[in-house]
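A.B. asks: Starting off with a structure, shown below.
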Amino acid sequence: MKKISELCAVYFLLHYLCNLCTSHLLINVKNQGGDILLETISSNVTEDVIVLEFQCSDGTLVTQLIDFKNEVQIIKALVLGEEERGQNQYQVLCFVNHFFKVDFISSDAMSKLRQKNPGTVRVAEEDKGHVNYTMDLFLDISESKDISKHIAILCGEAAGSAYTRNEDIKQWIQRPGKS
């Protein structure tokens, strides 16, 4: 009986400590079209990543992962198909690109964010406009671990539809420790 209580205590301690590493924030956001979206922002200080996730009004589920250690941004879009048109139930697309750390709030700072009024609808204070990327390369998910270990985890279902840019590959090759 003592062993069971010790195992339970260890389990709850580990569960508590793991939850300290990851924090979640739920935000109601009004987009430019006037739609209100529920965004989930998760920050993991141990992995040094931030994950933002929301569902568009057309049902598309968008997940953005920022890997600060490797300076990699992964955007996954799970797009619902139209069965009456003979399409698959869904299609997964992944877009992987390099970013500069100064462009995002760090995972440590993000993990400390809190809200006083969680039900409030937020509107962006400034419009940073749109950024268009031309993804000119297919990305082999099975060979992507040198870029970021998170690509294979997040984009596993996007085997034939993962993309990146040639200039990003060149940027990652120049990282310290790469030849």
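A.B. asks: Under 10 Å, Cα contacts only: if you run a Gaussian network model on the chain, which one of E82, E39, E157 comes out with the highest mean-square fluctuation?
C.D. replies: The residue with the greatest mean-square fluctuation here is E82.
A.B. asks: Now a separate question. Could you sort V102, V123 by their accessible area in this structure, using a 1.4 Å probe and putting the largest first?
C.D. replies: So, going from the largest accessible area down, we get V102, V123.
A.B. asks: With every protein chain left in place, what is the accessible area per residue of the chain in square angstrom, probe 1.4 Å?
C.D. replies: 69
A.B. asks: Name the residue, out of A124, A152, A109, whose mean-square fluctuation peaks in a Gaussian network model built on the chain with Cα pairs under 10 Å.
C.D. replies: Ranking A124, A152, A109 by mean-square fluctuation puts A124 first.
A.B. asks: Here's something else I'd like to know. Mean separation of Cα pairs under 8 Å and 6+ residues apart, divided by the residue count of the chain: what relative contact order is that in percent?
C.D. replies: 18
A.B. asks: What is the ratio of the Cα radius of gyration of region 26-84 to 2.2 N^0.38 Å, where N is its residue count, to two decimals?
C.D. replies: Output field value: 1.31.
A.B. asks: Please list the non-local residues whose amide H lies under 5 Å from the amide H of A162, H modeled 1.01 Å from N, same-chain partners needing a gap of 5 or more.
C.D. replies: For A162, whose amide H was placed from the backbone, the distant partners under 5 Å are C94, L139.
A.B. asks: Considering only protein heavy atoms, what is the solvent-accessible area of M135 at a probe of 1.4 Å, reported in Å² to the nearest 10?
C.D. replies: 50
A.B. asks: Moving to a separate point now. For the chain, build the charge dipole from Cβ charges (+1 Lys, Arg; -1 Asp, Glu) around the Cα centre, then report which of H150, H130, L78 sits farthest towards its positive end.
C.D. replies: Comparing the listed Cα positions along the dipole, H150 ranks first.
A.B. asks: While we're on this one: Using the crude model of +1 on Lys and Arg Cβ and -1 on Asp and Glu Cβ, and no other charge, please compute the dipole size for region 115-179 relative to its Cα centre, in debye to 20.
C.D. replies: The dipole magnitude comes to about 300 debye.
A.B. asks: To continue, here is another question. Once you've got the GNM for the chain with C-alpha springs shorter than 10 Å, pick whichever of G33, G59, G160 has the biggest mean-square fluctuation.
C.D. replies: Fluctuation is largest for G33.
A.B. asks: Report the net charge of residues surrounding V29, where surrounding means a beta-carbon distance below 13 angstrom and charges are Lys +1, Arg +1, Asp -1, Glu -1.
C.D. replies: Net charge in that neighbourhood comes out at -2.
A.B. asks: Another one. To the nearest 20 debye, what charge dipole does the chain have about its Cα centre, counting +1 at the Cβ of each Lys and Arg and -1 at the Cβ of each Asp and Glu?
C.D. replies: Computed charge dipole of the chain: roughly 780 debye.
A.B. asks: Can you list which of the trypsin sites (Lys or Arg not before Pro) found in region 139-179 are DSSP loop residues with at most 13 other C-beta atoms within 10 Å?
C.D. replies: For trypsin sites (Lys or Arg not before Pro) across region 139-179 that sit outside H, G, I, E and B with at most 13 neighbouring Cβ atoms in 10 Å, the list reads K145, K178.
A.B. asks: In a shell of Cβ-Cβ distance under 11 Å around I151, excluding I151 itself, what net charge do Lys and Arg (+1) and Asp and Glu (-1) give?
C.D. replies: Here the count lands on -1.
A.B. asks: Using heavy-atom solvent-accessible surface (probe 1.4 Å) with all chains present, what is the largest-first order of F138, F100, F95, F54?
C.D. replies: So the residues, ranked largest to smallest area, are F138, F100, F95, F54.
A.B. asks: Related question: From largest accessible area down, sort I36, I27; use a 1.4 Å probe on the protein chains.
C.D. replies: Most to least solvent-accessible, the answer reads I36, I27.
A.B. asks: Quick one: Karplus J couplings for region 77-85, per residue in order, coefficients 6.51, -1.76, 1.60, θ = phi - 60°, nearest Hz, x for Gly and Pro?
C.D. replies: Rounded to whole hertz, the list is 10, 9, 9, 6, x, 10, 4, 5, 9.
A.B. asks: Let me know the Kirkwood hydrodynamic radius for the chain, please, with Cα pairs as the basis and the value in Å to one decimal.
C.D. replies: Computed over the chain, the radius equals 18.7 Å.
The values are calculated or read from the model by the stated rules, or taken from the named source; none is laboratory data. The structure presented is a predicted model; accordingly, all values stated were derived computationally and were not measured. In this analysis, Cβ positions are derived from the backbone assuming ideal geometry, glycine residues included, and neighbour counts consider all displayed protein chains. Protein only, heavy atoms only, side chains kept; ligands, DNA and RNA dropped before computing areas. Shrake-Rupley method; radii C 1.70, N 1.55, O 1.52, S 1.80 Å.
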